Amino acid sequence: MSNTFSLPFFFVQICCRKRVGEAGISGAKPFKLCFINKLPETIFTRSSIIAEDKSPLQIVLFDVRTQSVVNDGPLSSLKIEICVLDGEFGSQGSEDWTEEEFNSNILREREGKEPLLIGERFASLKNGVGCIPKIAISDNSRWLRSRRFSIGVKVVQPTSNGEKIQEGRSKPFVVKDNRGECES
């Protein structure tokens, strides 16, 4: 059985794009977490978040230098955390941000509400690929200026060899109140 992993064309366009700082400037991160399938443009509260094609959301650890998925070694089995981001984060086209910028765009529930992200917030990569477990969002996105959320992923623990790994984010989407729609 082969360890090769076929990447969708849109993924290669997004993930392989040259990032600010990648041309040898110190601080550029050689690895990044990337979504390999698209989310729908609209999601309903409390409905399982799945890809546009109805498959589970998948994440890969991508090696920017070799333009390939990291499918072996200690980095290929990292534990990741799933979070909700403000949909404006990264909307200026830059794929380069600091860990602090990423963390400052993680959204929490509004006062008096339940947690914004419902379900399993952690997953592990296997051969560089991870499936996001069953998750849902408990609140609509109307309260944000952008009126959109994104799903974010980040490495939970530092790597043993100090490798820097760029956090990942999905394309922004709208979350509408689920008013009687079937939950999936």
Original post:
Taking only pairs that are 8 or more places apart or on different chains, how many Lys pairs in region 93-184 have Cα atoms under 21 angstrom apart?
Top reply: 10
Subject >> Stretchable slack from R145 to E88, in nm (0.36 nm times residue separation minus alpha-carbon distance) >> reply: 19.7 nm
Original post:
How big is D, in µm² s⁻¹, for region 26-77 by Stokes-Einstein at 20 °C and 1.002 mPa s if Rh is the Kirkwood radius over C-alpha pairs?
Top reply: 165
Subject >> Computed P(r) (all Cα pairs; region 44-184; 5 Å bins; percent) >> reply: 2, 9, 18, 22, 21, 14, 8, 4, 1, 0
Original post:
Taking one equal scatterer on every alpha-carbon of region 73-116, how large is log10 of I(q)/I(0) by Debye at q = 0.21 1/Å?
Top reply: -0.86
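How many times 2.2 N^0.38 Å is the alpha carbon radius of gyration of region 69-146?
Working it through for region 69-146, the quotient is 1.29.
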Subject >> Where Rh is the Kirkwood radius over Cα pairs, Rg/Rh for region 101-184 >> reply: 1.00
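Read-outs: derived from the displayed coordinates by stated rules, not from any lab. Note that the structure is predicted; figures quoted are calculated from it, not measured.
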